[in-house]
Amino acid sequence: MRISVVIPAHNEASTLSQVLVEVEKLKPYEIIVVDNGSTDGTNEVALQHSCHVIYYKHSLGNDVGRAIGAREAKGEIVLFLDGDIVIESKELQRFVKGVQQGHQIVVNNLTWSVYLKMRPHYTTVGKFMLNRYLNKKELVVGSLIAIPHAMNRDVIENLGWWNLADPALFQAMAMSRGVDIADMASVDVIHTNKVRPVHTGTSPGSPYPKATSRIMGDHLCALQYVIETYGKRGGFSEGNRDREFIGKYKPVLLQKEKAKYSAIIPVSEEKITIRSVIQEVKKAGVDEIIVVANGADAETIKQAKLENVIVVEFAKALGHNVARAIGAMHATADICLFVDGDFAIPAKKLIPFLHAIEDGNDVALNDLQCLLDMFHPADPISMGKYFVNLVAKRPDLWNNSLTAVPHAMHKKVIEKIGYDSLIIPPLAQMKAILEECSITAVEFVDVIKTNRVRPEQHGFVNGRIPAFDRIFGDQLEAIAYLLQHTNGRGSFTDGERDRDIILQLRREEENIDEC
């Protein structure tokens with residue numbers, strides 16, 4: 001099988017020769033250097049090594065040169081590199097060998113990076129979650145955004161060379177169509193990557209540097225494709241959640257006087273814990289407690305009523321988080337506290353959430369960012385929560401989310417975003433962020449050790465974990481809402497990609513075909 005090597009380059013004269021020396025050891029059929037806007041002699045270096053040089057006077061922007069090089073490639077195997085990172089030929093050979101063995105794409109295995117004793121980088125989170133949302137968790141952070149990678153030319157022809165200008169999108173397309181992607185080769189390109197101006201400073205309208213902003217936008221572009229292909233939940237189940245119920249439900253307020261604080265406690269089978277949960281909430285000073293019996297057993301309801309609180313009963317389980325919305329509809333206070341009925345949280349831990357709203361915040365979250373320091377890699381749910389905050393341009397919120405209790409909200413926020421939004425916690429949070437509500441993480445409450453394990457939700461069912469599927473789907477709904485209310489990149493920069501040159505080349509191909 002013939003090997004074509006594609007190397008986009010912009011002012012890489014100082015390293016390109018060394019890169020090409022290693023590439024030549026592979027005895028490739030051709031080496032294509034796409035020189036876009038170099039002024040340092042990059043072109044001359046490439047010609048000295050007998051490369052096929054495609055020259056543009058101006059910079060094409062990220063990944064466009066890679067796509068144009070792929071368009072010109074004739075080999076059955078196409079290997080993609082950068083001009084600024086020297087990689088030994090024996091390392092490159094592993095990528096080629098993977099395609100020779102039958103894999104259609106071989107990506108760089110950077111799994112080791114998630115085991116580093118540090119919080120994951122923003123782009124690492126994006127790569128990790130794209131694979132998770134596409135049910136390719138085995139690739140961990142394997143991505144076409146990172147070089148080296150190799151692929152069978154048939155994949156390029158089937159998916160379109162022009163889509164390589166958006167590597168995350170190309171990857172999503174490949175995964176959705178069952179392309180065989182492997183990661184048997186690993187090269188450290190993180191510590192060897194050349195630091196450029198786009199890696200520092202900030203991008204307009206973004207809290208991140210230009211390069212990070214571009215990569216965030218690339219992942220959102222890929223997720224836009226996922227959502228268009230599989231629906232706003234990416235094909236993930238939400239269990240037995242009854243969404244339509246809230247639209248039909250008309251609450252009858254059972255407390256005539258307005259409360260200072262309202263607490264909402266959904267329950268199902270919590271007869272052992274519900275009284276202690278309520279007692280701690282009372283100690284926190286909450287004067288209106290609403291227990292929503294969501295298909296609960298009789299004993300749980302009996303135990304709740306012994307505490308002289310409001311109990312709203314439903315014979316049929318309405319599904320996850322529907323009870324939160326119902327409870328909020330019954331609440332008379334401006335400050336609403338949300339807890340679960342399966343474990344008691346000490347009053348001293350609940351009070352700060354109430355005070356945070358009193359102090360002017362709109363939303364007060366459980367501060368779980370310590371989980372990013374405790375586990376390496378972080379668990380996929382925490383990574384997903386973190387990713388939602390990252391694309392919402394709130395990296396300061398880390399992995400803190402309305403998915404976790406306890407949390408508190410001002411009633412005006414709930415009314416603004418809609419009671420039905422509470423059914424999908426990440427969506428509620430995304431709406432609150434886009435409404436520019438004040439959101440803060442209050443303090444750490446351990447809900448990991450105390451959370452009740454439910455085999456039907458947290459165990460494997462037909463090879464999947466239902467709770468993970470539900471939460472991943474919820475996160476994608478939040479992302480779908482963001483994309484709907486911004487653009488296909490979540491308003492992140494496109495990295496000054498020259499889309500016009502791609503359109504021009506595609507038109508030329510169409511004209512040739514017509515002739």
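Lys348 - would you say it is out of contact with any strand residue (DSSP E or B) (no Cβ under 7 Å at 6 or more places or on another chain), farther than 30 Å from Lys117 by Cα, assigned to a loop (DSSP other than H, G, I, E, B) and of a type in the set (Lys, Arg)? Working first, answer last.
Working: out of contact with any strand residue (DSSP E or B) (no Cβ under 7 Å at 6 or more places or on another chain): yes; farther than 30 Å from Lys117 by Cα: yes; assigned to a loop (DSSP other than H, G, I, E, B): no; of a type in the set (Lys, Arg): yes.
Criteria not met by Lys348.
Of all residues in the stretch 474-489, how many are surrounded by fewer than 23 Cβ atoms within 10 Å (Cβ to Cβ) and small (Gly, Ala, Ser)? Residues flagged as surrounded by fewer than 23 Cβ atoms within 10 Å (Cβ to Cβ) and small (Gly, Ala, Ser) within the stretch 474-489 amount to 2.
Restricting Ile278, Ile246, Ile264, Ile289 to residues that are of a type in the set (A, V, I, L, M, F, W, C), buried (at least 24 other Cβ atoms within 10 Å of the Cβ) and touching a residue at least 60 places away in the same chain (Cβ under 8 Å) narrows the list to Ile264. Within the stretch 312-339, being farther than 14 Å from Lys411 by Cβ and surrounded by fewer than 21 Cβ atoms within 10 Å (Cβ to Cβ) holds for Val312, Glu313, Phe314, Ala315, Lys316, Ala317, Gly319. Within the stretch 148-165, residues that are β-branched (Val, Ile, Thr) reach partners that are in a helix (DSSP H, G or I) with beta carbons closer than 8 Å, at six or more positions or on different chains, in the pairs Val155/Ala174; Ile156/Ala70; Ile156/Leu164.
I need the full set of residues from the stretch 113-127 which are closer than 19 Å to Pro148 by Cβ and free of Cβ contacts under 8 Å to residues at least 60 places away in the same chain, in order please.
Of the stretch 113-127, the ones closer than 19 Å to Pro148 by Cβ are 113, 123-124, 127.
Answer for the stretch 113-127, where residues must be closer than 19 Å to Pro148 by Cβ and free of Cβ contacts under 8 Å to residues at least 60 places away in the same chain: just Thr124.
Could you go through the stretch 90-112 and let me know if any residue there is in contact (Cβ under 8 Å) with a residue 12 or more places away in the chain, of a type in the set (Ser, Thr, Tyr) and touching an Asp or Glu at 6+ places or on another chain (Cβ under 7 Å). No. Taking (1) among the aliphatic types (A, V, I, L, M); (2) within 17 Å of the chain's Cα centre (by Cα); (3) closer than 30 Å to Ala333 by Cα; (4) not in a loop (DSSP other than H, G, I, E, B) in turn, Ile381 satisfies each apart from (3).
Say whether the condition of being touching a strand residue (DSSP E or B) at 6+ places or on another chain (Cβ under 7 Å) and over 29 Å from Ala182 (Cβ atoms) is met by at least one residue in the stretch 1-21. Checked the stretch 1-21: at least one residue is touching a strand residue (DSSP E or B) at 6+ places or on another chain (Cβ under 7 Å) and over 29 Å from Ala182 (Cβ atoms).
Quick check on Leu20: is it assigned by TED's automatic domain parsing to the domain that holds Leu79 and farther than 30 Å from Ser213 by Cβ? Before the answer, list the steps.
On the way: assigned by TED's automatic domain parsing to the domain that holds Leu79: yes; farther than 30 Å from Ser213 by Cβ: yes.
Judged against the criteria, Leu20 is a match.
Applying the condition of being charged (D, E, K, R) and not in a loop (DSSP other than H, G, I, E, B) to the stretch 393-426 and asking which residue is nearest to Met129 (Cα to Cα) yields Asp396. I'm trying to understand the selection: among the residues of the stretch 56-96, which are of a type in the set (Ser, Thr, Tyr), touching a helix residue (DSSP H, G or I) at 6+ places or on another chain (Cβ under 8 Å) and surrounded by 15 or more Cβ atoms within 10 Å (Cβ to Cβ)? Within the stretch 56-96, Tyr56 is the sole residue that qualifies. Note on the stretch 134-237: enclosed helices (runs of 4 or more DSSP H) holding 3 or more residues that are surrounded by 21 or more Cβ atoms within 10 Å (Cβ to Cβ) are 167-176, 210-230. Here is the figure for the stretch 238-266: residues that are touching a Gly at 6+ places or on another chain (Cβ under 9 Å), modelled with pLDDT of 95 or more and in a loop (DSSP other than H, G, I, E, B) total 1.
The values are calculated or read from the model by the stated rules, or taken from the named source; none is laboratory data. Nothing here was measured: the structure is a model prediction, and the numbers come from that model. Quick reminder, even Gly has a Cβ in these numbers, built from the backbone with ideal geometry, and neighbours come from all protein chains shown.
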